[in-house]
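What follows is a single structure, written as structure tokens, with notes after it.
The values are calculated or read from the model by the stated rules, or taken from the named source; none is laboratory data. Just so it is clear, the structure is predicted and the values come from calculations on it, not from any experiment. For neighbour counting, all protein chains shown are included, and Cβ atoms are generated from backbone atoms with ideal geometry for every residue, glycine included.
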Amino acid sequence: MSGAGERATPRPNFSTDSLDPSMEWRRLLTEALGAFFLTLAAAAPAVISVATGQKIGQPAAVVAPGLVVMALIYTVGDVSGAHFNPTVTLAFAIRDDFPWRRVPGYMLAQFVGGIVAAGLLRALFGNVGHLGATLPNPATGDLASLVMECVLTFLLVTVILGTAHDTKLAGHNAALAVGATIALDGLFASPVSGASMNPARSFGPALVSGDLGSVWIYFVGPLAGALLATLIAWALHGETTDTARRTAGGR
């Protein structure tokens, strides 16, 4: 116990030293687990609805991923920065919040997490409900889905970069904002494109179900949206901050 005259040492925002290379395995495991639970929460409603015959409603299906991301930011944000999404990792790197040398490892971990989640769903319930893959609505077509994924990801990444930038918003407030944005995007846009905003979440079910025909939409759209969001972040906020680097797990 500290003496009465000693000052308490302030705790850092992130307890895992981002400059310690020996801890990279911990960060990669966190990203894989985060992508796993995000993909599981997003894909399972479609699979379980078919497997059990008890339909999970659209509001519940789209709010679940937002809630799980919010919970995971609270739980493991201090370990990896809680990206769980290749487009988020890319946006942080472009903003100089996250070192480029660590981008491939983070992205690989995220894709592995998405694939394992889809594999678990297939092992439990069989290859039903497209394993929860995000698919363009035939009534609106591929172009509408592509543009929608771009717009949704633009909104999500803009919120992530904006909350990471400000010391008053980073941390718990960011968890609420990011989780709410994921849910919001799904509530109004899931009938068009599935509201993925995340290539790892879309690729896992598409790969394991054997239906990769439309997966390009969920790479191109989110990538374009993330790139646009980084430009808007620069226009709105200017250069990045040390707070943003700590939030991204890059410093």
Search result, residues across segment 76-104 that are at pLDDT below 95 and of a type in the set (Ser, Thr, Tyr): SER80
Odd one out for GLY114, checked against (1) under 20 Å from ASP185 (Cβ atoms); (2) touching a Lys or Arg at 6+ places or on another chain (Cβ under 6 Å); (3) not in a helix (DSSP H, G or I): (3)
Total residues in segment 42-75, condition surrounded by 14 or more Cβ atoms within 10 Å (Cβ to Cβ) and more than 19 Å from the chain's Cα centre (by Cα): 7
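For residues in segment 40-59 being assigned to a helix (DSSP H, G or I) and in contact with a Pro (Cβ under 7 Å, 6 or more places away or on another chain), which is nearest to MET197 (Cα to Cα)?
Here is the first cut: in segment 40-59, the ones assigned to a helix (DSSP H, G or I) are 40-52, 58-59.
Pick out the ones that are also in contact with a Pro (Cβ under 7 Å, 6 or more places away or on another chain) and you get 41-43.
Working: ALA41: 14, ALA42: 11, ALA43: 13 Å.
So, considering only residues that are assigned to a helix (DSSP H, G or I) and in contact with a Pro (Cβ under 7 Å, 6 or more places away or on another chain), the one nearest to MET197 (Cα to Cα) is ALA42.
In this structure, does ASP166 turn out to be under 25 Å from ALA133 (Cα atoms), surrounded by fewer than 24 Cβ atoms within 10 Å (Cβ to Cβ) and modelled with pLDDT under 95? Break it down into steps so the answer makes sense when it comes.
Numbers: under 25 Å from ALA133 (Cα atoms): no; surrounded by fewer than 24 Cβ atoms within 10 Å (Cβ to Cβ): yes; modelled with pLDDT under 95: yes.
Against the criterion (under 25 Å from ALA133 (Cα atoms), surrounded by fewer than 24 Cβ atoms within 10 Å (Cβ to Cβ) and modelled with pLDDT under 95), ASP166 does not qualify.
Looking at ILE73, is it part of a helix (DSSP H, G or I) and modelled with pLDDT under 95? Walk me through how you get there before you give the answer.
Details: part of a helix (DSSP H, G or I): yes; modelled with pLDDT under 95: yes.
Spelling it out, ILE73 is indeed part of a helix (DSSP H, G or I) and modelled with pLDDT under 95.
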Residue that is surrounded by the most Cβ atoms within 10 Å (Cβ to Cβ) [pool: residues in segment 180-231 that are among the aromatic types (Phe, Trp, Tyr) and over 15 Å from the mean Cα position of the chain (by Cα)]: TRP216
Failed item in (1) over 24 Å from THR30 (Cβ atoms); (2) buried (at least 20 other Cβ atoms within 10 Å of the Cβ); (3) over 17 Å from the mean Cα position of the chain (by Cα), with LEU121 passing the rest: (1)
